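Student: My questions all concern the structure below.
The values are calculated or read from the model by the stated rules, or taken from the named source; none is laboratory data. What you see is a predicted model; the values in this text were computed from it and never measured. Cβ placement follows ideal geometry from the backbone for every residue including glycine, while neighbour counts extend to all protein chains displayed. What goes into the accessible areas is simple: the full protein's heavy atoms, side chains included, and nothing from ligands, DNA or RNA. Shrake-Rupley method; radii C 1.70, N 1.55, O 1.52, S 1.80 Å.
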Amino acid sequence: MARSKIILIFLLFTVSLLYAQDFFIDFSNDEPRFIQRLVWEEDEYAMLYEVVIEVYDYFYRLYFKNSVNDPVIEVSLPPGQYRYNVTTYDFLGRQGETSEWKEFEVIPAYQPKIERYTPNAFHLDQRLERVLYIVGDNITEESEIYLRRGSQIKHPVEIEFSGNRSVRLHFDDDTLITGVYEIYILNTGGLEWIEEGFAVKYRKPLDFYFKVLYTPVITIYGEMNDIFGTKLFLSGLTFSLEAISSRRSTFNGGLDLTLRTSLLNPAFVFNTELSDIWKGFANIQDGFSFTDIDINIVLQKRFNKGLAAVTLRFGMGFTFLNGTGKYFTEDLTLHLNFGLTGILYLYDGVNLEAGLDFVHYYSENPFGFLKPRIGLVWQF
């Protein structure tokens with residue numbers, strides 16, 4: 001919605017001890033107009049004041065003459081160079097003193113107008129520069145332009161004008177607050193344009209992260225450590241889906257659902273001696289595989305406008321144990337998770353994640369793993 005669509009004019013004054021001038025806008029009719037008010041010192045013996053206004057057109061010529069009883073007169077003048085003086089008349093109608101000429105100028109004041117703007121909103125969960133591009137009429141370097149919502153005002157940190165038809169407003173992303181704003185333009189002379197409906201908001205309440213991760217296993221205690229020692233084993237892939245609040249906060253909370261399949265087997269032990277490698281393959285039938293299904297609470301701290309983040313997760317899940325050979329039999333058990341990871345933005349929603357998880361498994365003989373993780377994350 002917009003208001004004030006008329007091109008008007010205003011008065012540029014110089015001030016003296018004898019004279020004072022100001023102006024105001026009359027909105028009583030459909031077409032508002034500028035009214036100039038000329039004021040002078042009152043003469044206690046004067047019953048009448050004769051005001052003469054001349055306009056300059058290569059030379060000064062009479063433009064207006066009128067008599068008033070009070071030391072003030074209101075006129076509405078078109079743009080131009082003017083001068084005026086005041087002559088007093090006493091109780092008997094006798095002419096008194098005539099003041100010196102006082103010069104002033106009426107200059108154009110143009111009505112600003114917005115025809116279109118882009119984008120329609122700033123989405124705080126998008127990694128974009130906060131630039132508002134406006135196209136319209138009478139938008140000049142003298143125009144004052146900002147966003148406002150009630151008493152809240154957001155001034156741009158940089159303004160780029162292009163003629164009097166367009167302007168680019170750059171805003172500080174860190175200071176933007178959600179809400180519906182007006183685009184406000186004020187031109188010299190008090191003419192304004194108010195465009196309602198510009199929003200600062202979020203596209204969606206949650207950010208989703210789909211992860212494909214390589215998660216090797218380090219046994220640190222319990223039955224698994226007794227069997228395999230502290231050597232690193234390949235453990236297949238981990239698939240994870242996280243839903244985390246998209247709103248800006250000290251910490252963003254959410255939930256994580258993870259499916260992780262691991263395979264531990266002597267054939268995959270990282271050995272340096274050729275004989276040990278062949279020994280591992282010789283015992284390939286003796287191994288252990290397990291599948292985890294986790295649900296975790298997630299706390300995420302974001303940095304550098306979401307280009308990096310640190311994520312803390314903790315929760316629990318079920319583990320399907322499947323032993324081969326002489327070590328284990330099939331079983332179902334519970335486990336607890338605790339992890340800390342870092343995310344680095346790469347390109348267009350693709351992120352790199354690396355970190356470390358600790359998992360404690362409840363079984364007949366409890367055991368614990370450390371699980372480094374590294375992989376790709378798709379944010380949507």
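Student: Which distance in Å, rounded to a whole number, links the C-alpha centroids of the range 287-307 and the range 33-61?
Tutor: 80 Å
Student: Which whole-angstrom value gives the distance between the alpha carbon centres of the range 333-365 and the range 104-175?
Tutor: After rounding, the separation between the Cα centres reads 45 Å.
Student: Can you pull the percent of the range 128-178's accessible area that's carbon plus sulfur, 1.4 Å probe, other chains left in place?
Tutor: Of all accessible area on the range 128-178, carbon and sulfur atoms account for 42 percent.
Student: Relative contact order of the range 30-115, please, whole-number percent, based on alpha carbon pairs below 8 angstrom and at least 6 residues apart. Show your work: numbers first, answer last.
Tutor: Values: 150 pairs, mean separation 25.3, N = 86.
Over the range 30-115, the number comes to 29 percent.
Student: Any idea of LEU255's accessible area? Nearest 10 Å², probe 1.4 Å.
Tutor: 100 Å²
Student: Counting other Cβ atoms within 10 Å of each Cβ, which trypsin sites (Lys or Arg not before Pro) in the range 125-212 have at most 10 and sit in a DSSP loop?
Tutor: none
Student: Here is a further query. To the nearest whole percent, what portion of all C-alpha pairs in the range 103-175 is separated by more than 16 angstrom?
Tutor: Distances greater than 16 Å cover 55 percent of the Cα pairs.
Student: While we're here: Say the dipole of the range 58-182 comes from +1 at the beta carbon of Lys and Arg and -1 at that of Asp and Glu; which of THR98, ILE139, LEU128 then lies farthest toward its positive end?
Tutor: It is THR98.
Student: For a 25 Å ceiling on Cα separation, which of these pairs sit above it: LYS113/LYS305; LYS204/LYS371; LYS65/LYS113; LYS305/LYS371; LYS211/LYS301? If you can, show how the numbers build up before the last one.
Tutor: Values: LYS113/LYS305 34 Å; LYS204/LYS371 32 Å; LYS65/LYS113 36 Å; LYS305/LYS371 29 Å; LYS211/LYS301 18 Å.
From LYS113/LYS305; LYS204/LYS371; LYS65/LYS113; LYS305/LYS371; LYS211/LYS301, over 25 Å: LYS113/LYS305; LYS204/LYS371; LYS65/LYS113; LYS305/LYS371.
Student: So how strong a dipole does the range 123-239 carry about its Cα centre when Lys and Arg Cβ are +1 and Asp and Glu Cβ are -1, to the nearest 20 debye?
Tutor: Working: 12 positive and 18 negative charges, 118 e Å.
The calculated dipole for the range 123-239 is roughly 560 debye.
Student: I would also like to ask the following. For a label point 7 Å from the Cα of GLU97 along Cα→C-beta, name the residues of the range 38-55 whose backbone N is under 14 Å from it.
Tutor: 40-46
Student: Can you spot the aspartates and glutamates whose alpha carbon is less than 13 Å from LYS201's alpha carbon? Ignore those fewer than 8 places along the same chain.
Tutor: ASP125, ASP173
Student: Considering only protein heavy atoms, what per residue accessible area in square angstrom results for the range 114-212 with a 1.4 angstrom probe?
Tutor: Working: 4800 Å² over 99 residues.
I get 48 Å² per residue for this part.
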